[in-house]
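Reviewing the structure listed below.
The values are calculated or read from the model by the stated rules, or taken from the named source; none is laboratory data. In this text, all values refer to a predicted model and were calculated from it rather than measured experimentally. In this analysis, Cβ positions are derived from the backbone assuming ideal geometry, glycine residues included, and neighbour counts consider all displayed protein chains.
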Amino acid sequence: MHDHIAAGYKHFQLPNRPHPKYARNMAKVIQFPGSNSHDDEARGGFSFARGRYPNLMLFDLGLSDSEVDMLVSGDPASWRTIVEIAPQLTGADLASVPILRYAHALLSAIYDDEPVRSTAKGNLPAAMVKSLHSGAFADARSLTTRANREDDSLMLSWTRRLCQFGGLLSFRNGEFRLTKAGRAAVETANYSEIYRLLLECHLRKPQILDAYDRCGDGGVIGRSLPFLLFAARDSNHDFLYEEDFAALLSAVAEGTIFDSEELSRAVALKMFERFGVPFGLFSPGPSVAPPIDTGEEHYDRFGRWRRTPLFTRLFRWHADPPPHGVMRPQQAAMRWMNAIHEIGVEDDGAIRWYVKGYCMRAIERCPEDPDAYVVWAHIHAEAPETALAIIDRGITVSAGRAPDTPEGMSPWSDHEFRGVMRLHFLRAETLEKLERYDEAFAEYKWLLELDPRDAIGAAG
């Protein structure tokens, strides 16, 4: 058996970077854009391939370096040249947007009873907290079953601070009062103004929420929220993925790593769960079932999200939507499979559980990726019937592919097709285990016909 076959199939190890010999074939898997979607000369005479953010080639956002700088600067005066917050909210949004509902309830409570004396710590009084928690904040997460203190309800505490720093609520001499803007917004039911001030406050001072997090990111998510919101405009995909936004951050911020689970979790927490959902910008996507039911629990901690209708009518952008704010399917699957090959497929149960989950994510992102089915089947090698079902599924979804290699080169040198050949080789081995020798022989014969000089057929 050829050395590259033994190394590639038996141990499931792939290089982090393609060997020069495979560079031409890799181009079929990852189509790197040669330039931005806008005219190079009009954008400063360069593309990302030659710019300061080469890793953003994986996304092709259509932004110049200077526009990326503006969106990740954390300076409102800078990113407002690209995006403006222009909400047109109605009473229906009051019911559907959590932060708006919370803020309106808090401001109305203070309006009815101002001035409101604070506690010694400068928090809302216990009686008001109890009333709010039994009303508008009943569905908000709290640290206790009964929230009689502001600190017991994180959402209440966040809302109060957002209202205060957003210019709707003032605190002076131990008393809470509505500002002029806050009083006018409550009296006229101006939900758009309340929302605008809260959102601008969050984008300007994301540390208001970061103070409650134990998931550190060096502040990069807060500073880059306008940039991440721009990427979320990508309308080519049904779902948004945490790992893609982690990769975006890695491409523009020093000291971050794409495949860091901590960074992906920080994105999930700070961008989606604690920001996007309360502000009504994102909603959780549905869970995705594995394509083959193996009867075992699978790793399902990955998040997938959708933009809400509010997202599309909230912002006024002065830049075109990104051609690809989310990774292309083949790119995303390759990232997950590279992570698997770095971990290795071991007998350790915990690692196998993670690897299985990574395979599921790769298949979700790119259902026709043969490498993911190879590794997934390998995990079930001790249950050949299950492994065979997985293999057959992989062969079915990758049907119609053919090797694309120069004259005289082995089909194994086609990086894109190599996974299909591994599937057929693994199918032959699995059929042998099941004593279905005629079918196994047919698989070996098929492989040998593809490359008569390849000793892989000798096993048949």
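Looking at ALA332, ALA339, ALA319, just one residue is out of contact with any strand residue (DSSP E or B) (no Cβ under 9 Å at 6 or more places or on another chain) and either modelled with pLDDT of 90 or more or hydrophobic (A, V, I, L, M, F, W, C) (or both), and that residue is ALA339. Taking the criterion of being in a strand (DSSP E or B) and more than 24 Å from LEU249 (Cβ to Cβ), the only residue of the range 270-319 that qualifies is ARG316. Within the range 117-150, restricting attention to residues that are of a type in the set (Val, Ile, Thr) and at pLDDT 90 or above, the residue that is nearest to the chain's Cα centre (by Cα) is VAL129.
Within the range 72-91, being among the aliphatic types (A, V, I, L, M) and not in a loop (DSSP other than H, G, I, E, B) holds for ALA77, VAL83, ILE85. So for the range 101-116 (the condition being acidic (Asp, Glu), in a loop (DSSP other than H, G, I, E, B) and at pLDDT below 90), does at least one residue qualify? Scanning the range 101-116, I find no residue that is acidic (Asp, Glu), in a loop (DSSP other than H, G, I, E, B) and at pLDDT below 90, so the answer is no. Against the conditions (1) modelled with pLDDT of 90 or more; (2) in a helix (DSSP H, G or I), GLY222 satisfies every one except (1). Residue pairs whose Cβ atoms lie under 9 Å apart, sitting 6 or more positions apart in sequence or on different chains, and linking a residue in the range 291-307 that is more than 23 Å from THR396 (Cβ to Cβ) and modelled with pLDDT of 85 or more to a partner that is surrounded by fewer than 15 Cβ atoms within 10 Å (Cβ to Cβ) and among the acidic types (Asp, Glu), are ARG304/ASP238; ARG306/ASP238.
So that you can scan it fast, the table gives a plain yes or no per residue for (1) touching a strand residue (DSSP E or B) at 6+ places or on another chain (Cβ under 7 Å); (2) among the β-branched types (Val, Ile, Thr):
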position	(1), (2)
ILE292	no, yes
ARG307	yes, no
ARG313	no, no
GLY325	no, no
ILE343	no, yes
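Quick check on ARG214: is it of a type outside the set (A, V, I, L, M, F, W, C), modelled with pLDDT under 90 and out of contact with any His (no Cβ under 8 Å at 6 or more places or on another chain)? Spelling it out, ARG214 is indeed of a type outside the set (A, V, I, L, M, F, W, C), modelled with pLDDT under 90 and out of contact with any His (no Cβ under 8 Å at 6 or more places or on another chain).
Filtered by the rule that a residue be of a type outside the set (Gly, Ala, Ser), touching a strand residue (DSSP E or B) at 6+ places or on another chain (Cβ under 7 Å) and either free of Cβ contacts under 8 Å to residues at least 60 places away in the same chain or outside the structural domain of VAL186 (by TED's automatic domain parsing) (or both), the range 105-123 gives a lone residue, ARG117. Residue pairs whose Cβ atoms lie under 9 Å apart, sitting 6 or more positions apart in sequence or on different chains, and linking a residue in the range 124-150 that is touching a residue at least 60 places away in the same chain (Cβ under 8 Å) to a partner that is outside any loop (DSSP other than H, G, I, E, B), do not occur here.
Among the residues that make up the range 80-89, is at least one of them touching a Ser or Thr at 6+ places or on another chain (Cβ under 8 Å), buried (at least 16 other Cβ atoms within 10 Å of the Cβ) and not aliphatic (A, V, I, L, M)? Yes; the residues of the range 80-89 include at least one that is touching a Ser or Thr at 6+ places or on another chain (Cβ under 8 Å), buried (at least 16 other Cβ atoms within 10 Å of the Cβ) and not aliphatic (A, V, I, L, M). Among the residues making up the range 173-193, those that are out of contact with any Gly (no Cβ under 9 Å at 6 or more places or on another chain), within 17 Å of ASP113 (Cβ to Cβ) and crowded, with 16+ Cβ neighbours inside 10 Å are PHE176, ARG177, LEU178, ARG183, VAL186.
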